[in-house]
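One structure is given here, and the rest of the page talks about it.
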Amino acid sequence: MHRRTALGGVLTALATAAAGVLVAAAVSTAPAAAAAGGTGTGYLHTSGNKIVDSTGATVRLTGINWFGMETDNKTFHGLWSSNPWRSQLDTMARLGYNTLRIPYSNDALKAGATATGINDFVNPDLIGLSPLQILDKVIDYAGSKGMRVILDRHRPTSAGQSPLWYTSTVSEATWINDWKMLAQRYAGNTTVIGADLHNEPHAEGTNPAATGACWGCGDTARDWRLAAERAGNAILGVQPNWLIFVEGVSCPSGGLSNVWDNDPSNDEDCGWWGGNLSKAGQFPVRLNVANRLVYSPHEYATSVYRQAWFDDPSYPANMPAIWDKYWGYLYKQNIAPIMMGEFGTTLQDPKDKIWLQNLMAYTGTGVNGMSFTYWSWNPNSGDTGGIANDDWTTINQPKQDILTPYLIPPTGGGGTTSPSPTGTPNTSPAPTTPPPVTGGCTATYKQVNSWSGGFQGELTVKNTGTAAVNPWSATWTWPSGVTLASGWNATVTQSGTTVTAAAPGWASSLAPGASVTVGFTANGTAANPGSVKLNGTAC
């Protein structure tokens, strides 16, 4: 989804339970052979309705969307804010999002494409980079935190959504060739786990003159199931380790019902754009590489469109049967995994809170539950708002509170500190003192930026000793009144006037002659770090 109005369809009668507030029962799942923390090891594949890692351990992707690369900016939104891009990823990981779904348009992949809307003072390392180069940096840093990345071909151009996977200006060949390019670009990088082939295929035209995406109709120009096979197999020919994420359609016929003919018997059962996988059981996507298919429906609340089921007298007891019909059956019948690629709400309508609570319960708890990526991190999503507030720093706590019990934080990354939801500094105690340095160290400081009430800096510490420092930990002092806002490349905490940057799990050792640069933003008058030490040795 991206700033569009979903078209609801006529829902046929489904079995319902008694009216009232109901939290849906979690889907039943067979116990996994092993449970993986975070996002597992190596590339991922499928086993029945599970996503598993290279060791066979079950992995649950609990992620978030960060959009912008599909818009005219051609890169992530929020890079214009005062919160550095790394700090935003730090917050996502800290909150428990272990996967990042990244929408893009083919415009952003063109030679000469230019990224705009970047605050150069806050993100000086992005100056002059192309959209793809910025994507490289985000993927690398997300991977360092133990997160996984799903690439989402959101739009053919930045102009808007398209019902089909091609348009008059962006051919199917361009769609597939760009996917093959991305698969080659990130070959061998296990952070990038797969391709969401095309966002929200949907109906267009009124039946019988349908012109939109159908499922199982057999028309190669409109059958999304067949197109997904062509693109998925082309990608797997280049990168056989990727997962292929396939969304649904809105109406299986590819056209809208004539609601003015007063004949309900002709009205088709339609759902959200990308959310209707009701025909996937009968017409499954067939890939040349086994155990790579993940179905990825979208699901939304009244803030996007007030579907008829929200006003059913039995709401929310009617919802599990609706989810079962459109996509849940694929999971419950052990046909394939489900990764709900988008779902979200502003929470402004009380019904939406009930919807979100019930939907999360439906996905199941723990590592055996269905995977998902919430829409969105961005506060500027017109239909849903975001997890981030308008400052791109603090978070929307009511939304986060509903999602938190279902999130499985990434492991193996460097859990750097980010601002708390209220914006107050993190004052966690410093970790246990690491072993002393054999030799010495040097420290150099660079102030990157400053503004009224705060500043950004980089402290580079070099191990000039003769032995590796493992694990390493740098400390420094600030004048009273200077408080940490965010940090990256280390786990950065503050206690009193002492700041500690502890080694992340992915880079715990500092070899002789090696250096590390710790970045941070702080509140207060700009000040150089004082009394810098590496594992207790003064630099």
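The values are calculated or read from the model by the stated rules, or taken from the named source; none is laboratory data. Treat the numbers as computed from the prediction; the structure is a model and nothing was measured. Quick reminder, even Gly has a Cβ in these numbers, built from the backbone with ideal geometry, and neighbours come from all protein chains shown. Protein only, heavy atoms only, side chains kept; ligands, DNA and RNA dropped before computing areas. Shrake-Rupley method; radii C 1.70, N 1.55, O 1.52, S 1.80 Å.
For the pair the range 233-258 and the range 294-317, the centres of their Cα atoms are 22 angstrom apart. Using only the Cα atoms of the range 301-415, build the gyration tensor, take square roots of its eigenvalues as a ≥ b ≥ c, and label the shape rounded, prolate or oblate: rounded if a/c is under 1.5, else prolate if a/b is larger than b/c, else oblate. Oblate, because a/c is 1.5 or more while a/b does not exceed b/c. Carbon-plus-sulfur accessible fraction, the range 441-539 (probe radius 1.4 Å, protein heavy atoms only): 48%.
Both numbers refer to the Cα atoms of the range 475-539; Rg and Dmax are 12.0, 35 Å.
At the residue level, His45 shows approximately 60 square angstrom of accessible surface with a 1.4 angstrom probe and all protein chains present. Each Cα pair under 8 Å and six or more residues apart adds its separation to the average, and for the chain the resulting relative contact order is 17 percent.
Of the two radii for the chain, the radius of gyration is 1.00 times the Kirkwood radius, both from the alpha carbons; that is the Rg over Rh value.
For Val149, nonlocal amide neighbours, meaning residues 5 or more places apart or on other chains whose placed amide H falls under 5 Å from its own, are Leu100, Val192, Ile193.
Judged by the mean number of other Cβ atoms found within 10 Å, the most tightly packed of the peptides 474-482, 386-394, 145-153 leads the ranking 145-153, 386-394, 474-482. Convex hull volume of the Cα atoms of the range 140-295, normalised per residue: 124 Å³. Between amide H atoms placed 1.01 Å from N, distances below 5 Å from Met340 occur with Ser371, Phe372, Thr373, all of them 5 or more places distant or on a separate chain. Accessible surface computed residue by residue for the chain, with neighbouring protein chains in place and a 1.4 Å probe, gives 35 Å² per residue. Per-atom-type breakdown for the range 272-352 gives carbon and sulfur 47% of the accessible area (1.4 Å probe, protein chains only). For the range 46-197, dividing the convex hull volume of the Cα atoms by the residue count gives 124 Å³ per residue. Between Thr206 and Asp391, how high is the FRET efficiency from 1/(1 + (r/R0)^6) when r is the Cβ-Cβ distance and R₀ = 30 Å? Nearest 0.05. Calculated transfer efficiency: 0.10.
Please report the relative contact order for the range 115-265, taking Cα pairs under 8 Å with a sequence separation of at least 6, and give it as a percent rounded to a whole number.
Values: 229 pairs, mean separation 35.4, N = 151.
Relative contact order, the range 115-265: 23 percent.
Counting only protein heavy atoms and using a 1.4 Å probe, the accessible area of Thr525 comes to about 110 Å².
Set against the 2.2 N^0.38 Å expectation for a compact globular protein, the range 190-259 has a Cα radius of gyration ratio of 1.26. Spin-label pair Tyr329-Gln133: with each label point 7 Å from Cα along the Cα-Cβ axis, the two points sit 5.1 nm from one another. For the pairs Lys74/Lys462; Lys332/Lys399; Lys110/Lys446; Lys50/Lys110; Lys325/Lys353, note any where the Cα-Cα span goes beyond 25 Å. The pairs that break the limit, which is 25 Å between Cα atoms, are Lys74/Lys462; Lys332/Lys399; Lys110/Lys446; Lys50/Lys110.
Magnitude of the charge dipole for the chain, about its Cα centre and with charges confined to Cβ atoms of Lys, Arg (+1) and Asp, Glu (-1), is about 1500 debye.
Label-to-label distance for Asn528 and Ala159 is 5.6 nm, based on points extended 7 Å past Cα in the beta-carbon direction.
Rounded to the nearest 5, what % of DSSP beta bridges with both residues in the chain are antiparallel?
So the antiparallel bridges amount to about 60 percent of the total.
Note on the chain: helix-only mean residue ellipticity at 222 nm, from DSSP H runs of 4+ residues weighted -39500 (n - 2.57) and normalised by residue number, equals -4500 deg cm²/dmol. Ligands, DNA and RNA aside, Asp349 has an accessible area near 40 Å² when probed at 1.4 Å.
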